[in-house]
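Single-structure report; data block below.
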Amino acid sequence: MKKNVYPFKPTVLVLLSCYNGQAYLKEQLDSILTQKNCNVELLIRDDGSVDDTVSILKEYEYHYSKSGGSVKILPVLYGKNLGVIRSFFILLQQASVLQYDYYALADQDDIWMEHKLSHAVKTLEKECRKKKSNIKTFPCLYAGAVQPVDATGKRLSTGMSYSKVRPSFGNALIENICTGCTCVFSKGLLSLLKEKTPNFVIMHDFWLYLVAAAFGTVIYDPQPYVFYRQHENNTVGMAITRLENYKRRLKNFKRHRGQLSKQAGEFFKIYKNVIPKEKKQLTKLLIKNKRDKTIRKQLLFEKRIYRQNWKDDFIFRIFGLFGLL
């Protein structure tokens, strides 16, 4: 007899923020609600949509309400337009008082492969067993690669890939490798995130990576389980060609000038009493980069702080040398 590899189905609460997503929202909702080998529920916030998004949400909310059997969509939160970052932090705060085995983030326009969540859960549990940690309390985050597709769902080649991704706190201080729609995480991480909503972050998924890397573990999966749709209305898209990728990364370096140290400062302010000593020292290097020339030189040779790609890493160190982080 074949052994059952799923002795129980974990409960996963998926957090989805919507804004004018009528074009692709139904396909995304269907791909989430039909996930295999886990019990999925959705907590959705509409960020002030002015198209048919609200109608779609009400249709799905009614269909998956108690009258239709088990609840799969919790009462939708309807609010004014705050932007994707603040909208997701509202969802995280709401989720922190709800009891689920795991939590996940979702965008409104992607398509999830049917084993996306169950694979992430198995990966997290395997890692916790290896570390002999309690999955219910240990802060752990799963994230991974995505398969880009065009507006019609046709697969696209990606312009950039890493031979090996090395998650770490030093990397999380200056680079986000955790695309939000791939993120699945434990109650232990959510408990840390609810401590206080930061006044400034570069992106909400960047913050998840930083907190998880500081106090727990981060697993990066090179195998994609999300069809990541590229279209003209993406809040954050992906460069497809290699040339476009390099142009975008250089532009991001310039656009984020001063923001890395600002985000590190916000992280330090919230968690300064519990940050491990070594990680506290690394955080201070970044915070003091602007005003201390000695720190700039120290940061130039600090190998624990790095970007995944060596060319990006070189540019980062040049920016750091001139106090532009």
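The values are calculated or read from the model by the stated rules, or taken from the named source; none is laboratory data. Quantities reported herein were computed from a predicted structural model and do not represent experimental measurements. Note that each Cβ is placed from the backbone with ideal geometry, even for glycine, and that neighbours are counted across all protein chains shown. What goes into the accessible areas is simple: the full protein's heavy atoms, side chains included, and nothing from ligands, DNA or RNA. Shrake-Rupley method; radii C 1.70, N 1.55, O 1.52, S 1.80 Å.
Under the combined filter of DSSP loop state and at most 15 neighbouring Cβ atoms within 10 Å, segment 68-97 retains none of its chymotrypsin sites (Phe, Trp or Tyr not before Pro).
Beta bridges assigned by DSSP with both partners in the chain are antiparallel in approximately 25 percent of cases. The chymotrypsin sites (Phe, Trp or Tyr not before Pro) of segment 129-199 meeting both criteria, a DSSP state outside H, G, I, E and B (loop) and at most 13 other C-beta atoms within 10 angstrom of the site's C-beta, are 162. A simple charge model with +1 on the Cβ of Lys and Arg, -1 on the Cβ of Asp and Glu and nothing else charged puts the dipole of segment 41-130 at about 460 debye relative to its Cα centre.
Over 24 Å between Cα atoms, which of 136/262; 262/297; 131/187; 277/303 qualify? Flagged as over cut-off: 136/262. Enter the Cα centre distance for the pair segment 256-299 and segment 159-212, rounded to the nearest angstrom. Going from one Cα centre to the other spans 16 Å. Specify which residue in the list 201, 216, 57 is farthest towards the positive end of the charge dipole of the chain, using unit charges on the beta carbon of Lys, Arg (+1) and Asp, Glu (-1), about the Cα centre. About the Cα centre, the residue reaching furthest to the positive side is 216.
Carbon-plus-sulfur accessible fraction, segment 1-125 (probe radius 1.4 Å, protein heavy atoms only): 53%.
Look at the alpha carbon pairs under 8 Å that are at least 6 residues apart: their mean separation over the length of the chain gives a relative contact order of 18 percent.
If you take the Cα centroid of segment 13-61 and the Cα centroid of segment 76-123, the two points sit 10 Å apart. Every helix of 4 or more DSSP H residues in the chain counts as -39500 (n - 2.57), and over all residues that averages to -12000 deg cm²/dmol at 222 nm. Solvent-accessible surface of the chain, taken per residue with a 1.4 Å probe and all protein chains present: 50 Å².
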